[in-house]
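In what follows, a structure is listed as structure tokens, so that the remarks can point back to it.
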Amino acid sequence: MDATKNQEKDEIFQVISKYDIRNALTEPDLPLSDHIHGPYRMTPPELLHVSGSGLIMYMFKSLKLILQVACLVILDALHKRISTDIDHQSEKDLPRGSVRNGLLDGTKCQSSERRGNLFRLLCIAHTTEGITALSEAWELVGVTQQKICNFIMLYL
């Protein structure tokens, strides 16, 4: 029975121009650390997507939840102003951000642009207006401006 199934499978692979390749990862008795996902999740995921599409997005969502609407409006205005200043810089290796929907809104934003927006948030956190807008949120979660800025710098 198994021989006919294997022969049918080989014929199907040959029809679609693919061949059934046997390697060590397809062996049923291969000891793996992850028995659920198998060999497909043994390597770490791509850092850009984990960071930009995941972690930074969650950081922005958390910050958005603890900020008031007035603070978000101030942050978005500062974000536009800082983005304009950064765009006029001769330094071109700064991460590219997005001003389409605001600083903390992750919709219509690519992973690399979220990284750029995090850099812009770091710049905003060093301005007087930015410190005033963000200080209430920092007090709410019990951190200081210096700790947040150090965290963002290390993360970037």
Q: Would you be able to say whether some residue in the range 26-49 is surrounded by 11 or more Cβ atoms within 10 Å (Cβ to Cβ), of a type in the set (A, V, I, L, M), within 15 Å of GLU113 (Cα to Cα) and modelled with pLDDT under 75?
A: yes
Q: Could you list all residues from the range 130-146 that are surrounded by 13 or more Cβ atoms within 10 Å (Cβ to Cβ) and among the hydroxyl-bearing types (Ser, Thr, Tyr)?
A: SER135
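Okay, residues lined up against (1) surrounded by fewer than 18 Cβ atoms within 10 Å (Cβ to Cβ); (2) out of contact with any Leu (no Cβ under 7 Å at 6 or more places or on another chain):
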{"residue": "ASP93", "(1), (2)": "yes, yes"}
{"residue": "SER98", "(1), (2)": "no, yes"}
{"residue": "LEU103", "(1), (2)": "no, no"}
{"residue": "GLY106", "(1), (2)": "no, yes"}
{"residue": "GLU113", "(1), (2)": "no, yes"}
{"residue": "GLY116", "(1), (2)": "no, yes"}
{"residue": "THR128", "(1), (2)": "yes, yes"}
Q: Sort through THR128, THR144 and tell me the only one that's within 17 Å of LEU75 (Cα to Cα) and among the hydroxyl-bearing types (Ser, Thr, Tyr).
A: THR128
Q: Report whether or not LEU72 is touching a residue at least 12 places away in the same chain (Cβ under 8 Å), within 17 Å of MET57 (Cα to Cα) and surrounded by fewer than 19 Cβ atoms within 10 Å (Cβ to Cβ).
A: yes
**Q.** Residue within the range 114-121 that is more than 17 Å from LYS61 (Cα to Cα) and out of contact with any strand residue (DSSP E or B) (no Cβ under 9 Å at 6 or more places or on another chain) present
**A.** no
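Can you work out which of the residues in the range 147-156 that are within 20 Å of the chain's Cα centre (by Cα) and assigned to a helix (DSSP H, G or I) is surrounded by the most Cβ atoms within 10 Å (Cβ to Cβ)?
Of everything passing the filter in the range 147-156, ILE148 is surrounded by the most Cβ atoms within 10 Å (Cβ to Cβ).
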Q: Looking for whichever is among the aliphatic types (A, V, I, L, M) and within 30 Å of LEU25 (Cβ to Cβ) here; the options are VAL143, VAL50, VAL69. Which one fits?
A: VAL50
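The values are calculated or read from the model by the stated rules, or taken from the named source; none is laboratory data. Being a predicted model, the structure only gives us computed values, none of them experimental. No Cβ is skipped: glycine too gets one built from the backbone with ideal geometry, and neighbour counts run over all protein chains shown.
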